[in-house]
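Encoded as structure tokens, the structure appears first; notes follow it.
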Amino acid sequence: MSLRLYDAHNHLQDDRFGGRQGELLAACAREGVVRMVVNGSCEADWPQVLALAQAHPQVLPSFGYHPWYVHERSPDWLTRLGEFLDRAPSAVGEIGLDRWKPGLSYAQQEEVFAAQLSLAAARDRPVSIHCLQAWGRLFDLLRCTPRPRCGFLLHSFGGPQEMIGPLAGLGAYCGLPGYFAHARKVRQRESFRHVPPDRLLIETDAPDQCLPEMPQATAAMQKVLGQVAVHALADPTSGRAINHPANLRAVYEFAAEWLDEPVASLAARVEENFLRLFGGLASVGRDGARQNTA
């Protein structure tokens, strides 16, 4: 079946792909991947993201400081971020808050997050947000800080089920990764039954969040693994398995099976949602702001 697929969040620029991005994108095209949002994590990888977007029309670039790397930022990092946003129609991300990973300065995270969210709001750019063990504080900041009118993605949403409605009311979309098909990810998976139909997006987070293998997968994913080709890939340096972006098709098939919805219907709905959040970037002008196309 021919489907139009959209990856709401990955890191195609990652060095673990060993320079094979062109080959990976060709495999994605064969699986029906139309667009993917490729997220930068720090100043060091923003040029790689931009180069991928300039060379491959499938790539929608996103530039931001991930909370794990905020300690690496230069004194003029925010100015540089604005300059990259001016160089191509682009989103802001991956940004966020993280109280899970040890050794991070939380105060710096909030400062950097608020600055990036305000920049996205001023330019009305969609934002991709990472959050681990900081959901209450994230909600407070989203309420109190200017937000982009177009909305924002909660990447690999793993927050409390009861927060889905209030977050959607602020403009949130929720990204479902294939990693949540692991049998042990019950709470994260079940919360997606409560995501409003017009707020669901699908993502790979490649090269991270690999699909589960058969013994560790849910029944729905086991059925998919028996029907859909899974693309194997390894880090050329460590030899460890990494996630191939063309596995997006398997994530769609899993989501459809688990939500008891025809995959064609799900794909059409996700396309509408993706274009509602990210499609407006086609109207970004040279000054970096959205233009009125009405």
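The values are calculated or read from the model by the stated rules, or taken from the named source; none is laboratory data. From a predicted model like this one, the values you see are computed outputs, not experimental measurements. No Cβ is skipped: glycine too gets one built from the backbone with ideal geometry, and neighbour counts run over all protein chains shown. These area figures cover heavy atoms from the full protein model, side chains too; ligands, DNA and RNA do not enter into them. Shrake-Rupley method; radii C 1.70, N 1.55, O 1.52, S 1.80 Å.
Results for (1) modelled with pLDDT under 95; (2) assigned to a helix (DSSP H, G or I); (3) open to solvent by 20 Å² or more (accessible area, probe 1.4 Å); (4) within 24 Å of residue 53 (Cβ to Cβ), shown as yes or no for each residue.
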site	(1), (2), (3), (4)
224	no, yes, no, no
238	no, no, yes, no
248	no, yes, no, yes
255	no, yes, no, no
261	no, no, yes, no
265	no, yes, yes, no
272	no, yes, yes, yes
281	yes, yes, no, yes
288	yes, no, no, yes
*Return yes or no: is residue 61 in contact with a helix residue (DSSP H, G or I) (Cβ under 6 Å, 6 or more places away or on another chain), in contact (Cβ under 8 Å) with a residue 12 or more places away in the chain and either part of a loop (DSSP other than H, G, I, E, B) or among the hydrophobic types (A, V, I, L, M, F, W, C) (or both)?*
no
*Would a scan of region 90-98 turn up a residue that is open to solvent by 10 Å² or more (accessible area, probe 1.4 Å) and either in contact with a strand residue (DSSP E or B) (Cβ under 6 Å, 6 or more places away or on another chain) or at pLDDT 95 or above (or both)?*
no
*Inspect region 92-99 for any residue being among the acidic types (Asp, Glu), in a strand (DSSP E or B) and within 14 Å of the chain's Cα centre (by Cα) and give the result as yes or no.*
yes
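From the set of residues in region 97-113 that are in contact with a helix residue (DSSP H, G or I) (Cβ under 9 Å, 6 or more places away or on another chain) and hydrophobic (A, V, I, L, M, F, W, C), which is farthest from residue 64 (Cα to Cα)? Lay out the reasoning, then the answer.
Taking region 97-113 and keeping what is in contact with a helix residue (DSSP H, G or I) (Cβ under 9 Å, 6 or more places away or on another chain), we get 97-99, 101, 104-106, 108-113.
With hydrophobic (A, V, I, L, M, F, W, C) added as a condition, the list becomes 97, 104, 112-113.
Numbers: 97: 13, 104: 17, 112: 10, 113: 9 Å.
Top of the filtered list is 104.
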*Looking at this structure, is residue 56 touching a Leu at 6+ places or on another chain (Cβ under 8 Å) and open to solvent by 10 Å² or more (accessible area, probe 1.4 Å)?*
yes
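Do the conditions hold for residue 5, that is, is it touching a strand residue (DSSP E or B) at 6+ places or on another chain (Cβ under 6 Å) and either among the polar types (S, T, N, Q) or open to solvent by less than 60 Å² (accessible area, probe 1.4 Å) (or both)?
On the way: touching a strand residue (DSSP E or B) at 6+ places or on another chain (Cβ under 6 Å): yes; either among the polar types (S, T, N, Q) or open to solvent by less than 60 Å² (accessible area, probe 1.4 Å) (or both): yes.
It is true that residue 5 is touching a strand residue (DSSP E or B) at 6+ places or on another chain (Cβ under 6 Å) and either among the polar types (S, T, N, Q) or open to solvent by less than 60 Å² (accessible area, probe 1.4 Å) (or both).
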*Inter-residue pairs, beta-carbon under 9 Å, first open to solvent by 40 Å² or more (accessible area, probe 1.4 Å) and in region 158-176, second at pLDDT below 95, 6+ apart*: none
*Top-ranked residue of region 18-47 - restricted to ones that are without any contact (Cβ under 8 Å) to a residue 12 or more places away in the chain, assigned to a helix (DSSP H, G or I) and over 22 Å from residue 96 (Cβ atoms), ranked as most open to solvent (accessible area, probe 1.4 Å)*: 23
